[in-house]
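What follows is a single structure, written as structure tokens, with notes after it.
The values are calculated or read from the model by the stated rules, or taken from the named source; none is laboratory data. Given the structure is predicted, the values throughout are model-derived calculations rather than measurements. Using ideal geometry, Cβ is built from the backbone for each residue, glycine included, and neighbour counts are taken over all protein chains shown. Just the protein is used for accessible areas: all its heavy atoms, side chains included, with ligands, DNA and RNA removed. Shrake-Rupley method; radii C 1.70, N 1.55, O 1.52, S 1.80 Å.
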Amino acid sequence: MPLLIALVLFLLSFHVRTAFSAHCSVTTPTKTFEKCMTLPTQQASIAWTFHAHNATLDLVFFGTFISPSGWVGWGINPSSAEMTGTRALIAFPDPNSGQLVLLPFILDPTVKLQKSPPLSRPLDIHLLSSSATLYGGKMATIHNGAAIQVYATLKLVPNKTKIHFVWNRGLYVQGYSPAIHPTTSNDLSSIATIDVFSGFSAAHRDDTRTLKIAHGILNAVSWGVLLPTGAATARYLRHIQALGPTWFYVHAGIQLCAFIIGTVGFAIGIRLGELSPGVVYGLHRKLGFAAFSFGALQTLALLFRPKTTNKFRKYWKSYHHFVGYACVVLGVVNVFQGFEVMGESRSYAKLGYCLCLSTLIGVCIALEVNSWVVFCRKSKEEKLRREGLISCGSGKGSGIHG
């Protein structure tokens, strides 16, 4: 239990640090802006100045490359908070000269469906000027982690100050066409609606982020820690005669808590799917449904548990063991799949979970070795005792017979 509490606190502290570690700046080497905001993904941020008298917006986007041959882009969607329909400015190294270039793109539905590569074309919004520079000036080079600033000046529609911002980055460019970006949860959530007049962002994305964190922590604790702990409890405590039936109540209690917490996490996952139309994680979703179904079957199996004298008891035990271990394996695998989906494959949160799971596995190995040692010792003692009884019985038998 202390290990479980430590894991929960570690996961919570990591996400809190992640939420507040990034910062934004209103100052660049060439210009100073009035407002700035840290964007929720990819360590990106924006700064801007809105001129209300003529509805003009000066802004700069701060992003980073993830590959020397990659691309970084941001844009505005005039109609909705999604990638399709975005008018974007995308920066990448020129395939011929290697110099940084900034080109305009309109992301129509064919781009999302990957039916054709995106081709640069003029934007149908009032873009007055645009430019891009690498952090460090002319001597800077494009590399993994290189910081870039994309400037733009736009003429907005009068009295419409809520803007749908979209940003992303990719690993490589084919000719002058950016290739598809990674499809982790963070990359697919790179959208924010910001009121450039007030400086506030829509709460929808923040709520979604909070739900994702809750979904990840609840499922990691339930399916990834409590469920394996309950299975280990049944395997290694049931043979301790001094405990009597206590092991069963401990096992059932842990598994029931795991299923209740896991059900809440599963329900949050369903809600996240409803809040993210078009975003589908096929493998993670299938594993989640399979684990939840097996967990429900295990819980229902308690209602139909035969007595020890019933002839169907051995079949029930076989079913219970198979479904139980399958649920444990599916749950742990899906926790790791969840880290991939969340874009936390190399995070301290995953490291903390791995340490917790490794500790549990180490304890199970030690108990398994100990149980085998005890089993072999008892078998040897039983064999010696049996041989002694046979010898003694033979003598007694001869005496009685005589």
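Quick rundown of the values:
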| quantity | calculated |
| --- | --- |
| Given (1) under 24 Å from Gln42 (Cβ atoms); (2) at pLDDT below 85, index of the condition Ile106 fails | (2) |
| Per-region count, region 73-101, residues open to solvent by 30 Å² or more (accessible area, probe 1.4 Å), at pLDDT 90 or above and closer than 24 Å to Ser189 by Cβ | 1 |
| Check on Asp207, over 20 Å from Ser347 (Cβ atoms), of a type in the set (Asp, Glu) and either part of a helix (DSSP H, G or I) or at pLDDT 85 or above (or both) | yes |
| Residue pairs meeting the criteria (Cβ under 9 Å; at least 6 apart or on separate chains; first closer than 13 Å to Ala252 by Cα and open to solvent by 80 Å² or more (accessible area, probe 1.4 Å), in region 291-308; second assigned to a helix (DSSP H, G or I) and modelled with pLDDT of 85 or more) | Arg305/Arg313; Arg305/Trp316; Arg305/His320 |
| Residues located in region 39-52, provided they are surrounded by fewer than 18 Cβ atoms within 10 Å (Cβ to Cβ) and aliphatic (A, V, I, L, M) | Ala52 |
| Test: residue in region 374-386 that is surrounded by 15 or more Cβ atoms within 10 Å (Cβ to Cβ) and out of contact with any helix residue (DSSP H, G or I) (no Cβ under 7 Å at 6 or more places or on another chain) | no |
| Yes/no for Val196 being open to solvent by less than 60 Å² (accessible area, probe 1.4 Å) and closer than 30 Å to Asn96 by Cα | no |
| Which numbered condition Ala55 misses (of (1) within 20 Å of Met37 (Cα to Cα); (2) open to solvent by 40 Å² or more (accessible area, probe 1.4 Å)) | (2) |
| Test result for Tyr176, in contact (Cβ under 8 Å) with a residue 40 or more places away in the chain, more than 26 Å from His51 (Cα to Cα) and of a type outside the set (A, V, I, L, M, F, W, C) | yes |
| Pairs, first open to solvent by 60 Å² or more (accessible area, probe 1.4 Å) in region 353-368, second of a type in the set (Phe, Trp, Tyr) and in a helix (DSSP H, G or I), C-beta under 8 Å, six or more apart | Leu367/Tyr236 |
| Checklist (1) surrounded by 18 or more Cβ atoms within 10 Å (Cβ to Cβ); (2) at positive phi; (3) not basic (Lys, Arg) applied to Phe65, failing item | (2) |
| Candidate set: region 22-38, residues that are farther than 13 Å from Val150 by Cβ and part of a loop (DSSP other than H, G, I, E, B); chosen: the one least open to solvent (accessible area, probe 1.4 Å) | Phe33 |
| Considering residues of region 163-182 that are of a type in the set (Val, Ile, Thr) and either surrounded by fewer than 20 Cβ atoms within 10 Å (Cβ to Cβ) or under 22 Å from Pro78 (Cα atoms) (or both) only, the residue farthest from the chain's Cα centre (by Cα) | Ile163 |
| Candidate set from region 330-352 (those that are open to solvent by 50 Å² or more (accessible area, probe 1.4 Å) and under 18 Å from Thr229 (Cα atoms)); member that is nearest to the chain's Cα centre (by Cα) | Phe336 |
| Filtered residues of region 128-154 (kept if modelled with pLDDT under 90 and more than 35 Å from the chain's Cα centre (by Cα)) | Gly137, Lys138, Met139 |
| Boolean, Leu226 is open to solvent by 30 Å² or more (accessible area, probe 1.4 Å), closer than 28 Å to Lys350 by Cβ and in contact (Cβ under 8 Å) with a residue 60 or more places away in the chain | no |
